[in-house]
Amino acid sequence: MNGRPLASMSVQRLSTVAALALAARLFPDRSDDSFRHATAIRDAHFLVSGHTHLWRGYPDLSSEDTRRVTRLLLHRTGRLAILSAFRRAVEELFNSTDIPEGFALLDDELYLVTEPVHQQLAALVDEALEILDERAAALDEGRSRPLALQGHFRIGTQIPDPSRPGNGVIQAHYVLDVSHVETPLPDFGKPRECPVLSVPVEALRSIADSLDRAFGQSHRRQSLDRLFQYIRHADGSLLTEKDFVLNAGLIRVLSACTGSGKSVLAKLLAEWGVLNGYVTGIVVPRNDSVLAFTHALRVELKELGRTDAVVVPLISPNSMQAEAEKAARSHLEEGRLDEADQAFSEFSYGCGMQARSTNTQDVDLWQPGRERCSDFEGIDADTGEVRRHRCPWYAHCGKHRHQLALDSANIIVTNHINLMSGRLHVPVLAEGQQRNHMSVEEALLRLAHLLLIDEADAFQATGFAKSAHHVTLARYGSRQPSALQELHDQFSVRAGALMYELERYIHPKITQARFLSESYVSNAANGRIAQRGPNERSRQQLARRRLIIPRRWDAWCTARLWRTPEDSSPTREQIDTFRKLFNPSEDAQLTESTVPAIPGLGDSSWDHLARLRSELLDTTALREGADPVFDGAHARIGSTTTPLLDTALDDDDRELLVDLLVRRAYLEQIRAQIEYVTRFGTSLKASGITAANQLAEMLDDNKQWHAAPYGPLGAPVFGFTAIHDIEDKHRTELALTSFAGDPHAYTAQLGDTTALALCGQRRIVLGLSATAHMPGGTMHHLITPPTWYVPDDITGSLVLKPLPLVDERNNPIRISGTSDIHRDQAHQQMGRALWSHIVQHLKKLGSRANTAHRARILVACTSYVGAGQLAEGMISAGADPDSIAVAARVENENAVPAHFRRRPAWHEIPSDALERFPHHNSAKILIAPLAIAERGLNMVDHNGRSLVGEVILAVRPIPLMDEPAQLLALISSRAYSTLNRSQDPAEMLRELSRTSSTVHEELFRSHHFFQSLPNQVRLSIVAEMLIGIIQLGGRVRRGGDQGVLYLADHAFHNTASGSDLPRLIRELRNGWAKTGQLELLQNIYGNTLTAIFNFADERTNH
């Protein structure tokens, strides 16, 4: 080393050194000289990006080098995964005295390592990683909390009180005199080693036979035989091996249609594991599925003679009590008392600490799920300072009992979101070291030999939803409070709970952020702040939602201010100077020596730009109590920019430049003030100011570690969503929007790079799904193709039919594409028109012996409000309200006491209990949103036959294109689908970035009405739509029946728009044929895909 030793470097610098050294070791020499080795900076960046699935050579690395790569990923800061940030870190390293001996920068793209040093790179990398390991261990040790044993402790408890902003926060006091409490930690030991698992199919059959005999059933053996009779490898060949062989690494996917027995297989694999000493993790979509799987497995293991087997239902401890009450209530309503008691016992708990509490107000301090078990403030005996302590009884508390039992578990059942973002609330031992706040993800990857993910495509979709954030900052003339209003109100009530210095620092920031947001919305609503950009010259385009990236037009603005020729681009120095115009800090002051000269202005450039900076900063400040925009900010900025601009610049560009400068000034300051506030999110939350939580979460794009923290775009997208309707200014809103992450890569790499980084072992991950492979799909299509598939033809069939409906004036009824009162009316008209179809078909189903058991109809729409409006329409057309059941939001079911609620005429079924529908006394029609109706509803009889006769999709399901999750999924899926595989992973990453940036820009420029979207985007939406149709059709074809799915919305069929579903299906099919993907799709989806294509072809000439 030439400078400081590695041990004195920061984590970022150590990670940068390790990445440079490891890249030079692993990637080909790009130098022609034998005495030195040249490596691209992009190669080093690729290693810290985490996209190992793009690297063909990755599986061929030695185990030592693989661990080096994944250890580096575990320790690198998330920001280093951004290419520009990594380049800056490299530049700073080479400009410092820390650069290791034998390293030198060749140019902007390459660095050199001398041959002698090249021979020692492994040792250099290992030394850096050892130091990073030690730093991480020390950081984790600092998170430990001593037990609150003796002394006076206090804690602020938040008490729900709708009459007070932020609810009430009451200071509770605890005087403890506990001499000693045994707190044994769960001991995870070493991570399980299991690179391959060979499961004898005959052993699974034997288990199935035993259970079928015990329960007097036959479906387990029948399902298993059906699966293994038809299961095929991806190349179409039958699986003839006697063992079902599962390998660790990238996710293995079994694609099999709804009703084929995937859940049966999952349970049998887990039970075989118990009998043979393997631990299995099962990941299901929801909490209610966790409870159902856990109960079923315990009952079956008991019949197999394994009463000692431990099945742990692992959900967030903070949701356990609420889940206990919800599940018990659901069973009680169905008259199942034993199941209600069992469900309540599984998750309910009490808090013994509350018996030791005193407070100044006569209230119940126990708020289930909100206990702050590790936040008891007391005086440290050694330092005399206030320190946070842990509840002394946490190791014996019912709230943590499931997490405490993990080390003895044979089967662990959790849900999608808990695996992705959950954390253990108790410390554990791992390889002899105490670990605090271990993620649920790491716990399962350490403990389980095999991880089964049910509905793997929905798992990936959950990742997209989790990666995107949207928080409303201001609404124009709305009674619904925005996030900043709530934050301001809570702060006013709770400010006294903060330190005085912190209170005075934060208050102006909150006030300014709220003022600027509300000023922006008011001025935008009244046309004083334009929403357009250089590619949108017509203000009439603005009656819609749009994502605004404040810095998007910096280069365009800079080019006008510095009079850059059309065929040139502004320099880095010019853009950096432009950005200082909006920065009020002392560091951003413009000086004559640092300002790039503007052609034609020479030395006066600095003076003119300094005046512009002053005007822009004044634009976001109250000028003598006047709103700046109302007070003429545009005119002042226009006057200040005039001397800077080329006289040949046309008036429209001058006006647009001023618009962009004003907008940029507002949004930059709103972002900055919110960032300032959220830096103190922990202190605010501790004081009961919870409104800052959402804002803090969305600004922390690396709250949880991921191997690939950013998707194809290569960086987080942070911006604002502006809603502006030129026909109704009161609909104007401003929201903070961000998205980051790569759910495609995360799902694919969970058992590979993620498992290696977290526990040093690859893990077997098996994904089960009916629709995980649909090229072109955005949220649900996995980038890893199916390892095996079961042809769709083995269980029933599906027919798609159009259902053209007209209103009283004989006009086709269209819901998709309408809004506000027009949409409400369309739903009601649809309900009235549907009733005549439904009443006939219910009679037909009920009159036939082979269909009488399924004389029920499921109607799917796109919202809970729409479901109620459809029901209203049916009742107005003569339907008996008792015959209709409508899905209701679970979280709202008991928000208002029953005696205050205006009960609807129809029956309501909570959305998590829709499987009750077939057993309802009178309801024959269920109306539910597609998102909950399409998956997980097993409405079948004891023979596995569907109890629903037909399905009607009443509304064309088109996502909101400005929703961050949709944007992220569209951009990522398009980039991955067009990627050309090569031997150079850094070049592939560059190609991903280029493609995703192009798609991002394409989406920016387009109207977000479906028919005006780019065709490729429409086809992606249709691919997702087909996934929903296939899943929805699965509700009626179980047990071998033929299901019928009707498409009612005129938007499906309207050929005049050029975006009718049959036309787009045909285009999608042609695209699959050209890329060679059609054959596998036909093999997987069989008759269902044929039915979809027949529907498209039959409508060719309509």
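For Thr258, the conditions (1) of a type in the set (Val, Ile, Thr); (2) closer than 20 Å to Leu197 by Cβ; (3) surrounded by 15 or more Cβ atoms within 10 Å (Cβ to Cβ) all hold with the exception of (2).
The residues listed here are Leu656, Leu684, Leu667; of these, the one that is in contact (Cβ under 8 Å) with a residue 12 or more places away in the chain, within 18 Å of Gly719 (Cβ to Cβ), part of a helix (DSSP H, G or I) and not hydroxyl-bearing (Ser, Thr, Tyr) is Leu667.
Which members of segment 576-625 meet the condition of being hydrophobic (A, V, I, L, M, F, W, C), under 39 Å from the mean Cα position of the chain (by Cα) and modelled with pLDDT of 90 or more? Across segment 576-625, the qualifying residues are Phe578, Leu581, Phe582, Leu616, Leu617. For Met1025, the conditions (1) surrounded by fewer than 16 Cβ atoms within 10 Å (Cβ to Cβ); (2) under 30 Å from Val940 (Cα atoms); (3) at pLDDT 90 or above all hold with the exception of (1).
Quick one: is Gln749 surrounded by fewer than 24 Cβ atoms within 10 Å (Cβ to Cβ) and either modelled with pLDDT of 95 or more or not aliphatic (A, V, I, L, M) (or both)?
Against the criterion (surrounded by fewer than 24 Cβ atoms within 10 Å (Cβ to Cβ) and either modelled with pLDDT of 95 or more or not aliphatic (A, V, I, L, M) (or both)), Gln749 does not qualify.
Hey, among Ser144, Ser96, which residue is outside any helix (DSSP H, G or I) and more than 30 Å from Val175 (Cβ to Cβ)?
On the way: Ser144 fails: more than 30 Å from Val175 (Cβ to Cβ).
So the residue among Ser144, Ser96 that is outside any helix (DSSP H, G or I) and more than 30 Å from Val175 (Cβ to Cβ) is Ser96.
When restricted to residues that are in a loop (DSSP other than H, G, I, E, B), aliphatic (A, V, I, L, M) and buried (at least 16 other Cβ atoms within 10 Å of the Cβ), segment 561-619 contains 5.
Comparison of Ser997, Ser972 shows that the only residue that is in contact with a Pro (Cβ under 6 Å, 6 or more places away or on another chain) and not assigned by TED's automatic domain parsing to the domain that holds Glu915 is Ser972.
Identify, by number, the condition in (1) at pLDDT below 90; (2) closer than 30 Å to Val312 by Cβ; (3) under 37 Å from the mean Cα position of the chain (by Cα) that Arg164 doesn't meet. Condition not satisfied by Arg164: (2). Of the listed requirements (1) in contact with a His (Cβ under 7 Å, 6 or more places away or on another chain); (2) not assigned by TED's automatic domain parsing to the domain that holds Gln694, Arg514 misses just one: (2). Where the second residue is part of a loop (DSSP other than H, G, I, E, B) and hydrophobic (A, V, I, L, M, F, W, C) and the first is farther than 29 Å from Leu83 by Cβ and lies in segment 708-728, which pairs have Cβ atoms under 8 Å and are six or more apart or on separate chains? Here the result reads His724/Ala543; Asp725/Ala543; Ile726/Ala543; Glu727/Ala543, each pair linking segment 708-728 to a residue that is part of a loop (DSSP other than H, G, I, E, B) and hydrophobic (A, V, I, L, M, F, W, C).
For segment 787-830, which positions are assigned to a loop (DSSP other than H, G, I, E, B) and within 27 Å of Thr258 (Cβ to Cβ)? Scanning segment 787-830 gives Thr787, Pro791, Thr795, Gly796, Leu803, Ile815, Ser816.
Being in contact (Cβ under 8 Å) with a residue 60 or more places away in the chain, within 20 Å of Ala855 (Cβ to Cβ) and not in a loop (DSSP other than H, G, I, E, B) is a property that Arg916 has. Looking across segment 44-58, just one residue is surrounded by fewer than 20 Cβ atoms within 10 Å (Cβ to Cβ), more than 15 Å from Thr754 (Cβ to Cβ) and touching a Ser or Thr at 6+ places or on another chain (Cβ under 9 Å), and that is Arg56.
Going by what's in this entry, would Asp603 be described as touching a strand residue (DSSP E or B) at 6+ places or on another chain (Cβ under 8 Å), free of Cβ contacts under 8 Å to residues at least 24 places away in the same chain and among the acidic types (Asp, Glu)? In short, no. Among the residues of segment 486-517, those identified as among the acidic types (Asp, Glu) and touching a residue at least 60 places away in the same chain (Cβ under 8 Å) are Glu486, Asp489.
Here's the yes/no breakdown for (1) under 37 Å from the mean Cα position of the chain (by Cα); (2) surrounded by fewer than 13 Cβ atoms within 10 Å (Cβ to Cβ):
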position	(1), (2)
Leu197	yes, no
Ala203	no, no
Ile207	no, no
Leu211	no, no
Leu238	yes, yes
Gly249	yes, no
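Right, Glu1001: acidic (Asp, Glu), assigned to a helix (DSSP H, G or I) and in contact (Cβ under 8 Å) with a residue 12 or more places away in the chain or not? No, not satisfied.
For the condition among the aliphatic types (A, V, I, L, M) and over 15 Å from Asp43 (Cα atoms), what is the one hit in Ala138, Ala89?
One residue alone meets the criteria, Ala138.
Close contacts from segment 255-269, counting a first residue that is of a type in the set (A, V, I, L, M, F, W, C) and a second that is modelled with pLDDT under 90, with Cβ to Cβ under 7 Å and a gap of 6+ residues or different chains, come to Cys257/Asp792; Cys257/Thr795; Cys257/Gly1034.
To keep it simple, each residue is scored yes or no on (1) at pLDDT 90 or above; (2) in contact with a strand residue (DSSP E or B) (Cβ under 6 Å, 6 or more places away or on another chain); (3) farther than 30 Å from Ala871 by Cβ; (4) buried (at least 23 other Cβ atoms within 10 Å of the Cβ).
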{"position": "Ser972", "(1), (2), (3), (4)": "yes, no, yes, yes"}
{"position": "Leu979", "(1), (2), (3), (4)": "no, no, yes, no"}
{"position": "Asp984", "(1), (2), (3), (4)": "yes, no, yes, no"}
{"position": "Glu987", "(1), (2), (3), (4)": "yes, no, yes, no"}
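For every residue, the table says whether it meets (1) crowded, with 16+ Cβ neighbours inside 10 Å; (2) farther than 25 Å from His396 by Cα.
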| residue | (1), (2) |
| --- | --- |
| Thr294 | yes, no |
| Leu297 | yes, yes |
| Leu314 | yes, no |
| Lys326 | yes, no |
| Ser330 | yes, yes |
| Glu333 | no, yes |
| Asp341 | no, no |
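Just to verify a result, which residue in segment 213-224, among those that are surrounded by 14 or more Cβ atoms within 10 Å (Cβ to Cβ) and among the small types (Gly, Ala, Ser), is nearest to Gly281 (Cα to Cα)? Among those residues, the one meeting the criterion is Ser223.
Just to be sure before I move on: is Pro59 out of contact with any Gly (no Cβ under 6 Å at 6 or more places or on another chain) and either assigned to a helix (DSSP H, G or I) or within 21 Å of Ala745 (Cβ to Cβ) (or both) in the structure I sent?
Values: out of contact with any Gly (no Cβ under 6 Å at 6 or more places or on another chain): yes; either assigned to a helix (DSSP H, G or I) or within 21 Å of Ala745 (Cβ to Cβ) (or both): yes.
Criteria met by Pro59.
Take the conditions (1) over 29 Å from Gly477 (Cα atoms); (2) charged (D, E, K, R); (3) crowded, with 20+ Cβ neighbours inside 10 Å; (4) assigned by TED's automatic domain parsing to the domain that holds Ala559; Arg762 misses just one of them, which is (4). Among all residue pairs at least 6 apart or on different chains, which show Cβ distances below 6 Å where the first residue, located in segment 303-331, is among the β-branched types (Val, Ile, Thr) and the second is part of a helix (DSSP H, G or I) and modelled with pLDDT under 95? Listed pairs, sorted by first residue: Ile315/Asn287. With the structure loaded, tell me whether Ala123 is of a type in the set (Gly, Ala, Ser), out of contact with any strand residue (DSSP E or B) (no Cβ under 9 Å at 6 or more places or on another chain), closer than 30 Å to Ala715 by Cα and modelled with pLDDT of 95 or more or whether it fails that test. So Ala123 does not fit the description; no.
Please verify whether Leu750 is more than 30 Å from Val1044 (Cα to Cα), in a helix (DSSP H, G or I) and out of contact with any Ser or Thr (no Cβ under 8 Å at 6 or more places or on another chain), treating the condition exactly as stated. First the steps, then the outcome.
Details: more than 30 Å from Val1044 (Cα to Cα): yes; in a helix (DSSP H, G or I): yes; out of contact with any Ser or Thr (no Cβ under 8 Å at 6 or more places or on another chain): yes.
Spelling it out, Leu750 is indeed more than 30 Å from Val1044 (Cα to Cα), in a helix (DSSP H, G or I) and out of contact with any Ser or Thr (no Cβ under 8 Å at 6 or more places or on another chain).
The values are calculated or read from the model by the stated rules, or taken from the named source; none is laboratory data. This is a predicted model, so every value here is computed, not measured. Because the Cβ atoms are built from the backbone with ideal geometry, glycine has one as well, and the counts that use them run over all protein chains shown.
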